[in-house]
Every structure is written in structure tokens, then in C-alpha cells.
Amino acid sequence: MCSVNKLRYYYYYYCSISTGPTGQIVLHKSDIAVAMSTIVSCTDYGKVFNDNIHGHIMLHPLCLKFIDTPEFQRLRNIKQLGTTYLVYPCASINRFEHSIGVCYLAGQMIEALCRNSGEDINVTKEEKLCVELAGLCHDLGHGPLSHSWERYLKASGVDWKHEESSTEMLKYIIQKYDFEKELKKYGLNVEYHVELICEFIRGGGKLLVENHFLYQVVSNKDNGIDVDKWDYFLRDGNCLNLSISFDYKRLMQFSRVVVDPNSNKPKQVIAFRNKEARNIYDMFRVRSDLHLRAYQHTAVQNTELMMVDMLLKAENYFTVQIPSGTKFGLNEAHTNIEAMSRLTDHILYDIQYSHDPNLEEAKSLLNRLHTRHLYKFIGSYNLIFINKEIYNKSIDVENLKQNLKNELQKQFGFEFGVTATWLNCGYPLINPLEKVLFFKKPLCHNDSIILDDTPYQNVYPMNELEFFKRDINVFSKLLTLKDGQLKEIDLACNSFLKNFRP
């Protein structure tokens, strides 16, 4: 029996129930005390948070230990949506509250799977706690302005993903604050369970091959349905004032664990009732909507482009110093987890108010951002209409952007910025419903689970223009352009993209 279900069983087992003189049900206080002490000894009390998305939520006391560290608290000063707040005034939420929300949903998802799958699965309380900690710590490694920092490092020639820094930061916190005793207090082994948490953050690993479904809760690499997305869809939609139509609570209610029929080795994965196919379709439609209307909005891309250029101009002169005295440049800080733990959005103010003459160019760009003197938008070019041949191919979009940028700068003699609106639903040009397992409603209570092989990707097709949009966006860094120049640049962009071959 799943350990989460055992707690409920113990509660009702230990409570003595009798009938009072008027026929009412009576729970004896002494027996309730025994039952509650049994539950508390297993789970311990945590702390209640009043979250604006999920309401009052309780987190495990071990989670609180991680939350109450400076390294986790830094997430209060890292904007979740990067430079989106410069376009949407209320888009100023931080990684801190999102991480707490994901931790809560991870625990809720495990409980739902245990409740719905019964004796078909076995999840220990230690494994459940590891999944919750993975949800809590999955974004520990983010740099200033979240994903904008990754794009800055890519522009600086550095291949870096925040997930690896998250696992490093997790281990750094455990070592720095001697959390080994705290982990052991709740049955966690430093070597095994910490690595298991890291695998849950990455979304894959070798420690739990058969219980693969546990890897799908926080970071689902199989079909993209996970509690991380559920939380940020709701949280981002709330601050952006965009309606969110899918219902994650229904997905939890109608989820269970099944044996993957497509795997060579026995592997348990998460499946959903077939009637939830539309709900899952709505989830991916919401994802597309958020990207089109906010995350990859052309004005947001413009502000991010300027922010990246500002950081590139500052990187050789702005350093992060750790207590040992060692200094790291902006594009080096990720190589030292102690330096990384000191990076938040505050660096923008450090640059803005710096008296270093070497930072004047960076300060000038930052001032342009704050006074809304953005790069000149030339246009968006949809590859579906301009060059369907390359749209249907898996192309290197970074190479395409760089080639167009070089061609325009060579032809017109001033700088351009090129970005891409590149939607994938998690997979290049594949309807994600192809990757989801569905099961039918059992006819009888004890019937075995039967998978539904209906091709729901055909029932709910995804429009190319909405779900798989491929736009190339061009900006001029020269603000004063005549109408004739704008037309020439527009013609040059169309001609290049029409004739481009990867």
C-alpha cells in the first residue's frame, strides 16, 4: 500500500467510533489523539503559506529548512518573466513564490497518484519528500531575470542551463549549512536521496527505473505535462491578466499510473482518463497563448534584446566577488556556485548607479530601456508564408538569425537585432497529445485498466500558426530611419528569408 494512503488508513483504524444516545456518531478524544500522534510522527507538522494561487498550503518542515537560507531567499529578487515587466506592468512576480507553488503541487500530485492507483504503485514517504524538494529547488540555479540570463550567456558564447546550477546550489546549501542531520531526521540518505532529488530536477535518471512516473511530476521530458508548468501557467496568467482555461485539479483527479506499453523494460508512467484529452489540449493551447501574447511578444523580445546587449557591454568591467577575494566576470559567475549565489536582479541597479566610466555604454542602454527608447521594430516574417520549405525542416534557428543579421549589417552599414518567435509545444512540429497515454473508464470496480489507443492528436489537431509559429523578428539599433530605408530593409529581409537554405 502507498505510504500516503497508509496514513489515512491509520487515522480511521485508530479512531474508535460509537453511537451516542441520539444516534449520532462519536469519535473518542483519546483515540483521536492516538491517531493524530501516529500521523504526526510520520509526517511532522510543517508551515502554512497563504498563496495567492493555491490558497493555504502546508509544506514539509525539511522544505522550510531550505526556504530559510539566503540562497533560496535570493529567488525573491529574480523576476520570473525576465523583461516582460517592462511591457506588462504587473509581470513582476519572482521565482520564490513559483518554487513554493511547485513544491506544493508536487506533493498533491503524488497523493493523487497514490489515491487513484492504489496498490498498483508503491511510493515511500522518503520518495514523496524527494519529489517535493525537487519541486522546491528546481529553479535555485536561475540567474538574474531568469531565462533572459541564459540568453545573455548564449550571446556571450557560453552554453549553460539553469537546471545544472540548481542541482549544484542544492548540494551547496546542504554542505554549507550542514543539513545532513536534517536529511537523516526524515529518513533521507545524503548520497542516494540527494542524487535522486537532482534526477527529479533534471527529469530523468537511473536510480528509479521502474517508478519512472516519479520523474514526470516536476519535469516531464516525455510529454511536457508537469506541475512546474501548471503553477507557472496559473501564476503568470494571473499577473498578466490572461485567462487560463485548463483545470489542473481535474487532471490530478483523473490521473493514475500504468505500465508503459511502448517500453522494452517494465516502466510505470502517468496516464490520464480519455475524457481529459480536451483538457490537456487546452493546457497546451494556454502555453501557446502565453508565449504569443507575453513571453515572445515582439515588444518583450525588444526589451530582452536590449538587456542582453547591455549585459554584453558590462561583462568585461562588472565583477562578482566571493569572500575569498576571487572575482568573476558576469559570463564566468556560473562556474562558481558561491558567486552564482550572489547574483540577482540587483546587478541592474549596481550598473545603473556605478561611477565606473567603463560602464557608461551599458548605463546608457539601461537608461534607454527605462525611458522607453527601444530599438526600432522593422517587422515580423512568418516562415510558413515566406519559406515553407525551411519551416518543415529542423533548422538551426540561431544560425539563421546570425546569417540574416550579418547580411543586413553588411548591406546597410549599421547594427541590427534579430530574434525568433519559435513555438514547439515542447516538441518540434509534433502534437504533444501523441506522447500522452490515456485509459478508459473501468466498467466494474475491480476491472483492470484498459488503455485507449484513440489518436487524440487527430481529434484535437493543432493549428500551425497558433501552436507552431515560426516568425523572424528584425529590429534596427539605429532609431532614426527614413521611410525609404524601412522599405529597403523590409525587402531585404523578405528576399533573404525566401531564398535561405539551411
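The values are calculated or read from the model by the stated rules, or taken from the named source; none is laboratory data. None of the values given here were measured: they were computed from a predicted structure. Neighbour counts run over all protein chains shown; Cβ positions are idealised from the backbone, glycine included. Protein only, heavy atoms only, side chains kept; ligands, DNA and RNA dropped before computing areas. Shrake-Rupley method; radii C 1.70, N 1.55, O 1.52, S 1.80 Å.
Contact annotation: residue pairs with Cβ atoms under 7 Å, 6 or more positions apart or on different chains, pairing a residue in segment 62-82 that is basic (Lys, Arg) with a partner that is at pLDDT 95 or above and in a helix (DSSP H, G or I), are Lys65/Glu182; Arg76/Phe96; Lys79/Tyr85. Can Arg342 be described as under 23 Å from Gly143 (Cα atoms), modelled with pLDDT of 95 or more and open to solvent by 70 Å² or more (accessible area, probe 1.4 Å)? For Arg342, the condition - under 23 Å from Gly143 (Cα atoms), modelled with pLDDT of 95 or more and open to solvent by 70 Å² or more (accessible area, probe 1.4 Å) - is met. Might you check whether a residue that is in contact with a Gly (Cβ under 7 Å, 6 or more places away or on another chain), touching a residue at least 24 places away in the same chain (Cβ under 8 Å) and open to solvent by 30 Å² or more (accessible area, probe 1.4 Å) occurs anywhere in segment 412-427? For segment 412-427, residues in contact with a Gly (Cβ under 7 Å, 6 or more places away or on another chain), touching a residue at least 24 places away in the same chain (Cβ under 8 Å) and open to solvent by 30 Å² or more (accessible area, probe 1.4 Å): present.
Yes/no per residue for (1) of a type in the set (Val, Ile, Thr); (2) at pLDDT below 95; (3) farther than 26 Å from Ile78 by Cβ; (4) under 28 Å from the mean Cα position of the chain (by Cα):
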position: Asp356; (1), (2), (3), (4): no, no, no, no
position: Glu361; (1), (2), (3), (4): no, no, no, no
position: Ile390; (1), (2), (3), (4): yes, yes, yes, no
position: Asp396; (1), (2), (3), (4): no, yes, yes, yes
position: Asn406; (1), (2), (3), (4): no, no, yes, no
position: Cys444; (1), (2), (3), (4): no, yes, yes, no
position: Ser448; (1), (2), (3), (4): no, yes, yes, no
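Considering (1) assigned to a helix (DSSP H, G or I); (2) under 27 Å from the mean Cα position of the chain (by Cα), the lone condition that Asn424 does not fulfil carries the number (1).
In segment 243-264, of all residues being farther than 14 Å from Asn211 by Cα and of a type in the set (Lys, Arg), the one that is least open to solvent (accessible area, probe 1.4 Å) corresponds to Arg250.
The requirement of being touching a strand residue (DSSP E or B) at 6+ places or on another chain (Cβ under 6 Å) and open to solvent by less than 50 Å² (accessible area, probe 1.4 Å) is fulfilled somewhere in segment 216-234, by at least one residue. As an exercise: evaluate Asp120 against (1) without any contact (Cβ under 8 Å) to a residue 24 or more places away in the chain; (2) touching a strand residue (DSSP E or B) at 6+ places or on another chain (Cβ under 9 Å) and give the number of the one condition it does not meet. Failing condition for Asp120: (1). The residue pairs whose first member lies in segment 229-249 and is closer than 14 Å to Ser288 by Cα and of a type outside the set (Gly, Ala, Ser), whose second member is part of a helix (DSSP H, G or I) and open to solvent by 10 Å² or more (accessible area, probe 1.4 Å), and whose beta carbons are closer than 6 Å, counting only pairs six or more residues apart or on different chains, are Trp230/Tyr248; Ile244/Leu234; Phe246/Asn279; Phe246/Asp282.
Filter the helices (runs of 4 or more DSSP H) completely within segment 285-402 down to those with at least 1 residues that are touching a Phe, Trp or Tyr at 6+ places or on another chain (Cβ under 7 Å) and without any contact (Cβ under 8 Å) to a residue 24 or more places away in the chain.
Values: elements: 298-314, 337-340, 346-352, 360-370, 383-386, 388-391.
Answer list for segment 285-402: 337-340.
Every test in (1) closer than 28 Å to Phe272 by Cα; (2) touching a Cys at 6+ places or on another chain (Cβ under 8 Å) is passed by Ile472 save one, and that test is (1). Quick check on segment 169-176. Is at least one of its residues farther than 30 Å from Asp289 by Cα, open to solvent by less than 40 Å² (accessible area, probe 1.4 Å) and touching a Cys at 6+ places or on another chain (Cβ under 6 Å)? There is at least one residue in segment 169-176 that is farther than 30 Å from Asp289 by Cα, open to solvent by less than 40 Å² (accessible area, probe 1.4 Å) and touching a Cys at 6+ places or on another chain (Cβ under 6 Å). Restricted to segment 92-190, the set of helices (runs of 4 or more DSSP H) holding at least 1 residues that are at pLDDT 95 or above and of a type in the set (Phe, Trp, Tyr) comprises 95-117, 147-155, 162-176. In segment 134-160, the residues that are farther than 19 Å from Gln402 by Cα form Cβ pairs under 7 Å with partners that are of a type in the set (Lys, Arg), at six or more places apart or across chains, as follows: Asp139/Arg95; His142/Arg95; Leu145/Lys79; Ser146/Lys79; Ser146/Arg95. Going through segment 227-265 one residue at a time, which ones are among the aliphatic types (A, V, I, L, M), over 17 Å from Ser92 (Cβ atoms) and in a helix (DSSP H, G or I)? Val227, Leu251, Met252, listed by residue number.
Quick one: would you say Ile57 is within 21 Å of Arg250 (Cα to Cα), aliphatic (A, V, I, L, M), modelled with pLDDT of 95 or more and under 18 Å from the mean Cα position of the chain (by Cα)? No: the conditions fail for Ile57. Number of residues in segment 262-313 that are under 25 Å from Ser117 (Cβ atoms) and basic (Lys, Arg): the value is 5. Among the numbered conditions (1) in contact with a Phe, Trp or Tyr (Cβ under 7 Å, 6 or more places away or on another chain); (2) modelled with pLDDT under 95; (3) among the basic types (Lys, Arg), the only one that Lys477 does not meet is (2). Residues in segment 415-443 that are touching a strand residue (DSSP E or B) at 6+ places or on another chain (Cβ under 7 Å) and of a type in the set (A, V, I, L, M, F, W, C) were compared, and the one that is nearest to Ala155 (Cα to Cα) is Val418.
Quick grid of which residues meet (1) open to solvent by less than 20 Å² (accessible area, probe 1.4 Å); (2) of a type in the set (Ser, Thr, Tyr):
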residue	(1), (2)
Leu59	yes, no
Asp68	no, no
Gln73	no, no
Arg76	no, no
Gln80	yes, no
Thr84	yes, yes
Pro89	no, no
Ile100	yes, no
Gly118	no, no
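Per this entry, Ala112 is counted among residues that are in contact (Cβ under 8 Å) with a residue 60 or more places away in the chain, closer than 21 Å to Val218 by Cα and over 15 Å from the mean Cα position of the chain (by Cα).
Screening the candidates Val123, Val87, Val158 for the property of being under 25 Å from Tyr215 (Cα atoms) and among the β-branched types (Val, Ile, Thr) yields one hit, Val123.
Being closer than 21 Å to Gly107 by Cβ and in contact with a Ser or Thr (Cβ under 9 Å, 6 or more places away or on another chain): is that true of Arg285 here? No.
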